[in-house]
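For reference, the structure is listed below as structure tokens.
Any read-out appearing in this document is the output of simple, stated calculations on the displayed coordinates, not a laboratory observation. As the structure is a computational prediction, the values presented were derived from the model and not from experiment. Note that each Cβ is placed from the backbone with ideal geometry, even for glycine, and that neighbours are counted across all protein chains shown.
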Amino acid sequence: MRMAHQAARQLTVHLTHSCAQMLESIKGCHEMGYLHRDVKPSNFAMGTDENRRRCYVIDFGLSKRYVFVTGGNQPPSHSAEESCSCAVSMRSGWST
């Protein structure tokens, strides 16, 4: 019984960490001026090898560039690119 409790606790810690990474990735995308608009479990992927604990946001088919009411786009911040797992995909130039 004790081993089952330890396994459940470890799973809970793992899931909490993964959820926090998912939220940080979405937050980073927002800070770069993008709304994903299709957030669901199947639009997140885990890395491989040395990045196996890194969570990536995928499938930006419904995403939109965020525009202020004044008409100006929010400029990407340097810190957002570092914290957003989707920064490489965003810089590759997909349509807005």
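Can you name the residue in the range 46-61 that is loosely packed, with under 11 Cβ neighbours inside 10 Å and either touching a residue at least 24 places away in the same chain (Cβ under 8 Å) or of a type outside the set (D, E, K, R) (or both) and is also farthest from His36 (Cα to Cα) among such residues?
Kept after step one, since they are loosely packed, with under 11 Cβ neighbours inside 10 Å, are these residues of the range 46-61: 48-50, 52, 61.
Within this subset, residues satisfying the condition of being either touching a residue at least 24 places away in the same chain (Cβ under 8 Å) or of a type outside the set (D, E, K, R) (or both) are 48, 61.
On the way: Thr48: 23, Gly61: 8 Å.
By that ranking, first place goes to Thr48.
Inside the range 1-45, can you point out the residues that are hydroxyl-bearing (Ser, Thr, Tyr) and more than 11 Å from Cys55 (Cβ to Cβ)? Write out each step before concluding.
Narrowing the range 1-45 to residues hydroxyl-bearing (Ser, Thr, Tyr): 12, 16, 18, 25, 34, 42.
Passing the criteria: Thr12, Thr16, Tyr34, Ser42.
Determine the pairs where a residue that is on the phi < 0 side of the Ramachandran plot, located within the range 14-28, has a partner that is of a type in the set (S, T, N, Q) and exposed (fewer than 14 other Cβ atoms within 10 Å of the Cβ) with Cβ atoms under 9 Å apart, the partner being 6 or more residues away or on another chain.
Once the first residue is on the phi < 0 side of the Ramachandran plot and sits in the range 14-28, its partners that are of a type in the set (S, T, N, Q) and exposed (fewer than 14 other Cβ atoms within 10 Å of the Cβ) give Gly28/Ser79.
Looking only at the range 19-43, filter to residues that are touching a strand residue (DSSP E or B) at 6+ places or on another chain (Cβ under 6 Å) and polar (S, T, N, Q); which one of those is surrounded by the fewest Cβ atoms within 10 Å (Cβ to Cβ)?
Per the criteria, the residue is Gln21.
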